[in-house]
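The values are calculated or read from the model by the stated rules, or taken from the named source; none is laboratory data. Note that the structure is predicted; figures quoted are calculated from it, not measured. Methodologically, a virtual Cβ is constructed for each residue, glycine included, from the backbone with ideal geometry; neighbour enumeration extends over all protein chains shown. Protein only, heavy atoms only, side chains kept; ligands, DNA and RNA dropped before computing areas. Shrake-Rupley method; radii C 1.70, N 1.55, O 1.52, S 1.80 Å.
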Amino acid sequence: MPIDPTEPYDDANIFAKILRGEIPSSKVYEDEWAFAFEDINPQAEVHTLVIPKGSYVSWDDFSTRASAEEIAGFVRAVGHVAREKGLVEQGYRVMANIGAHGGQEVPHLHIHIFGGQPLGPMIA
Ligand code: 5GP
């Protein structure tokens, strides 16, 4: 079920639990601003998720409320993870689903990094 992006942040969402270490994840990277881990249901050879440490429901929420420092730290972390995964030379895709039309299922902002293969058309 897609989330309602106008709802307040829910501390019990699955990615909040991953951030708190309450449920396991395949961690790829962590710094002051971001945490990256492998998607549990990969849609490409490489499918890694990057989430901000702060409590933000969506890209809309993050781009509205996050500080310049948080935004810079998070964006740099996404680029860092893609480089660490060796995706730059062949190219990759970053994506964020927002709300119902975007098909967002987890109400904590996450950037999908896809790569490791030709990714096909932008929208299937
Ligand atoms: P969305 O549709 O919200 O953009 O994407 C949610 C993503 O989170 C999906 O790709 C889904 O496979 C992934 N996901 C959902 N629950 C878990 C989980 O418990 N662990 C991990 N690693 N990924 C999850």
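Things worth noting here:
- Distance in nm between pseudo-label sites at ARG20 and HIS101 (7 Å out along the Cβ direction from Cα): 3.4 nm
- Normalised by the number of residues in the chain, the mean separation of alpha-carbon contacts (under 8 Å, six or more apart) gives a relative contact order of 35 percent.
- Heavy atoms of ASP61: accessible area, 1.4 Å probe, square angstrom to 10: 30 Å²
- Once exposed loop GluC sites (Glu not before Pro) are cut out (DSSP; at most 15 other Cβ, 10 Å), longest piece of the chain: 46-88
- Computed per residue of the chain from DSSP H runs no shorter than four, each worth -39500 (n - 2.57), the mean residue ellipticity at 222 nm is -7500 deg cm²/dmol.
- Relative to the longest principal axis of the Cα atoms of the chain, the long axis of helix 68-84 makes an angle of roughly 30 degrees.
- The chain - accessible surface per residue (Å², probe 1.4 Å): 60 Å²
- Isotropic mean projected area of the C-alpha convex hull, the range 14-115 (nm²): 6.2 nm²
- Reachable lysines, given that their alpha-carbon falls under 18 Å from the alpha-carbon of LYS17 and they are not under 8 places away in the same chain: LYS27, LYS53
- Surface share of carbon and sulfur [accessible, 1.4 angstrom probe, percent] for the chain: 53 percent
- The ellipsoid that matches the Cα gyration tensor of the range 54-98 has semi-axes, each √(5λ) in whole angstrom, of 23, 13, 7, with the longest given first.
- Centre separation in Å (Cα based) which lies between the range 67-93 and the range 1-40: 17 Å
- Set of aspartates and glutamates near LYS85 by C-alpha distance (under 15 Å), chain-local residues within fewer than 8 positions excluded: GLU30, GLU38, ASP39, GLU45
- Taking Cβ atoms as reference points and 11 Å as the exclusive limit, the residues near VAL57 contribute a net charge of -4, counting Lys and Arg as +1 and Asp and Glu as -1.
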